[in-house]
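Every read-out reported here was derived from the displayed coordinates using simple, explicitly stated rules and does not represent laboratory data. Please read all numbers here as calculations on a predicted model, not as lab measurements. FYI the Cβ positions are ideal-geometry reconstructions off the backbone, even for glycines, and counts take in every protein chain you see.
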Amino acid sequence: MGAATRRRLALRILAWSSAIASASSCGEQRGKLAPRPADAEEAAGSGGTLSAGAADGGTGGTDDAGAGGTSSGGVASAMGGTFVMTAGAAGEGTRAAGGSEIGAGGVPSDRALCVYHADFGSVASAGAGGSGEEGGAGGSGTPAPPIITVAKATNRLIGDYLTDARGLALYVFGADLPGDCAAPPISTCTDDCLLSWPVFYAEPRVLAAGLDPAAFGSILRPDGRSQTTYFGWPLYYYANDVKAGDVTGHGSSVWTLAETILPNVVVRRVGADRFLADGAGHTLYAFADDRVGTATKPAESACVGACRETHPPFDAQYVGAVSTLEPRDFGLFERSDGGIQISYKGAPLYFSSLDQRPGDVNGGKESGWSIVLR
């Protein structure tokens, strides 16, 4: 390994370690990833591949009633809305289709983003209004701005999260299939599950300052109700939260608060299996031929050449995992091509080209490849 490469790796390790330490002490840092210029250029030309989301984390609450991690069917239509594709990262404010920006509230991936953004209801703007003839009855005065229906709150252990107008916490579900610009979200919380986790729908949707309109959308559920989405993840209440500041559903099964900066490693559930995925809900895999890292030896990837084309490495610049995952279980190492790859309990992590949308687990059918169980 050359001196320049060693310096680059050392700097990345230092940055990653600092970020993890900060995330452990204050949840607001999780998921803040700086983009690589090449990724942004690729997104602009190809349409991107990944979206953003979260699942799992924290402690307390009760499990989802009757959900079972399976869907009763039904895919939301994109009728009446549009899909927005964009690339960006926390603090960047990269411009998306239609002129809106992604990044004001943080974006949980340094890969190309492909964000679901279909809408079925009205969207207002907090602080909108006018004066004089624009003001309303009689052509005088300034109308009051619309009431904010999607707000933010802060928990000292978790960080900033979404709430409704009353301050009640909003959640996402790790068994859902988050949407992207190629596929709409699918809610798997149906029937009895909805007794504990009621659907959230903001009508009209008026965002608090700092929340990016391009991160939100809505779906039409199979039961005919509309539901608001955040970075492609459907949003819910928890029935046991009764007042502003309650976050008792966080960490119940694979439910988590809808953090304004979503984790870039989450826990998903399909049936009885709980496994790792990136923040967009794309499954992460391990390769049997790899060398698992130890305290004395770094991990080593045996997936090279054509293998790397079909199994792209998970190469986020640092890990902002959900709070039920231990930061010390993650590491990073330098591949033979000079790139940096993330490992979990010493095992290098990859995506699979067989997965066409968030939530797919097709890569586990390949010989030598397996999902990474939590």
Across the stretch 223-233, in residue order, what do the Karplus-derived ³J(HN,Hα) couplings come to in whole Hz, using 6.51 cos²θ - 1.76 cosθ + 1.60 with θ = phi - 60° and x for Gly and Pro?
7, x, 8, 8, 9, 6, 10, 10, 6, x, 9
Residue by residue, what Karplus-based ³J(HN,Hα) values in Hz, rounded to whole numbers, does the stretch 255-262 have, using 6.51, -1.76 and 1.60 with θ = phi - 60° and x for Gly and Pro?
9, 8, 4, 7, 5, 5, 10, 6
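Mind checking the stretch 262-337 for GluC sites (Glu not before Pro) that DSSP puts in a loop (not H, G, I, E or B) and that have at most 16 other Cβ atoms within 10 Å? Kindly include the intermediate steps, with their values, before the conclusion.
Values: sites: Glu300, Glu309, Glu334; in loops: none.
Counting only loop positions with at most 16 other Cβ atoms within 10 Å, none of the GluC sites (Glu not before Pro) in the stretch 262-337 qualifies.
By counting other Cβ atoms within 10 Å of each Cβ, how are Tyr116, Tyr318, Tyr201 ranked from fewest to most?
Details: Tyr116 32, Tyr318 26, Tyr201 19.
Final ranking by Cβ density, sparse to dense: Tyr201, Tyr318, Tyr116.
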Tell me, what ³J(HN,Hα) does each residue in the stretch 152-162 have, in order and in whole Hz, if you take phi through Karplus 6.51 cos²θ - 1.76 cosθ + 1.60 with θ = phi - 60° and put x for Gly and Pro?
10, 9, 10, 10, 5, 9, 10, x, 7, 9, 7
In a shell of Cβ-Cβ distance under 10 Å around Gly339, excluding Gly339 itself, what net charge do Lys and Arg (+1) and Asp and Glu (-1) give?
-1
For His311, His282, what's the fewest-to-most ordering of other Cβ within 10 Å of each Cβ?
His311, His282
Skipping prolines and chain starts, which residues have an amide H placed within reach, meaning under 5 Å, of the one on Ala299, given they are 5 or more residues away or on another chain?
Gly293, Thr294
